[in-house]
Amino acid sequence: MDAIQQHMLDTYRAARLAEPAPPPPGRHDHSVLRDLYRHWLTHPPTRRSGKPGTPSPSGRSSPSGV
């Protein structure tokens, strides 16, 4: 099911329950991408030293399990 089909189903359900209709898909995409970009600028990704998949010097894996 794609986003348009899900929106149509949600709109139908909202009409049957006398609730307000949900916003159309993609309505807030621009603001979400802008906020993510601002977050990336203020919290840049960190780089790990060493090769990917190699254990850390302490012998413990990273929190992500990699």
Complete set of residues in segment 4-30 that are in a helix (DSSP H, G or I) and either touching a Lys or Arg at 6+ places or on another chain (Cβ under 9 Å) or among the aliphatic types (A, V, I, L, M) (or both): Ile4, Met8, Leu9, Ala14, Ala15
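Tally up the residues in segment 29-51 that are hydroxyl-bearing (Ser, Thr, Tyr) and open to solvent by 100 Å² or more (accessible area, probe 1.4 Å), please.
3
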Evaluation of Gly26 against (1) of a type outside the set (Asp, Glu); (2) under 16 Å from the mean Cα position of the chain (by Cα); (3) open to solvent by 90 Å² or more (accessible area, probe 1.4 Å) (one fails), failing number: (3)
Contacts under 9 angstrom Cβ, first residue in segment 15-33 being at pLDDT below 90, partner surrounded by fewer than 10 Cβ atoms within 10 Å (Cβ to Cβ) and of a type outside the set (Phe, Trp, Tyr), 6 or more apart: Pro25/Asp2
One residue from Ala3, Ala21 being open to solvent by less than 80 Å² (accessible area, probe 1.4 Å) and touching a helix residue (DSSP H, G or I) at 6+ places or on another chain (Cβ under 8 Å): Ala21
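Just to be sure, is Pro57 loosely packed, with under 10 Cβ neighbours inside 10 Å, modelled with pLDDT under 80 and outside any helix (DSSP H, G or I)?
yes
The values are calculated or read from the model by the stated rules, or taken from the named source; none is laboratory data. A quick note: this is a predicted structure, and the numbers were derived from the prediction, not measured. No Cβ is skipped: glycine too gets one built from the backbone with ideal geometry, and neighbour counts run over all protein chains shown. These accessible areas exclude ligands, DNA and RNA; they are computed on the full protein's heavy atoms, side chains included. Shrake-Rupley method; radii C 1.70, N 1.55, O 1.52, S 1.80 Å.
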